[in-house]
Amino acid sequence: MIGELSLIDLKRLHAEFEADITSVTSWCEEIYQDTFSHFFTEGRQLFARLSNKEHPITDEELTWILIQLPIQLFGVAEALNKFKISFEVVKLSNKRRESLLIELSLETSASKKQQDASEKSLEDKLLATAYSTVIDRVYSENSFCRELIMGAKKIWDSRRHTDNSNPIGEVDPLPDYIQTPKPGGN
């Protein structure tokens, strides 16, 4: 009964915050889509092709993964660095604002001033958390792409090894061996 009561309370609490959660997740998704998703879209599509058992991935698609995707990851790094600058500005601005709020607080003790300023800057901290979440997502997508590249390389190497083991096309006939007479008359 106690576990059931807790679950009901969690659902009620979640419902109270659902609008805020939706707002933050929508903002994070919008920022990700506008800034980073185009770098990863084709890689995700080719992963689906890599997983397709009916129509194996082509050598051209593997080539794209092995050559173009690593180049795109440099573009991701550049966009991510710009985004991180914004994140750092938000964090520094939050600290500056919190310091100002401490100075302006009407509370009497230092700890109460700190608490008051902290409470008044919660939304600022939420923005920093949202930035951090987008950055974490980009890191996850980068890891996914690196794994995709390694998987494509294994398939590529396996196909090349098979091609070398079982060449397609004409096989050179064995050379004619000229039998030389053995010493001693045979």
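Computed values, structure above
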| item | result |
| --- | --- |
| Label-point separation, Glu30 to Trp156 (7 Å along Cα→Cβ), nm | 3.9 |
| The stretch 1-92: trypsin sites (Lys or Arg not before Pro) in DSSP coil with no more than 12 other Cβ atoms inside 10 Å | Lys53 |
| Among the listed pairs Lys11/Lys112; Lys11/Lys120; Lys84/Lys154; Lys11/Lys84; Lys84/Lys113; Lys91/Lys113, those beyond 24 Å (Cα-Cα) | Lys11/Lys112; Lys11/Lys120; Lys84/Lys154; Lys11/Lys84; Lys84/Lys113 |
| FRET E, pair Thr129, Gln45, Förster distance 25 Å, beta-carbon r, rounded to 0.05 | 0.25 |
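Quick note: the coordinates plus some simple rules give every number you see, no bench work behind them. None of these values were measured; they are calculated from a predicted model. Don't worry about glycine lacking a Cβ; one is built from the backbone with ideal geometry, like all the others, and counts go over all protein chains shown.
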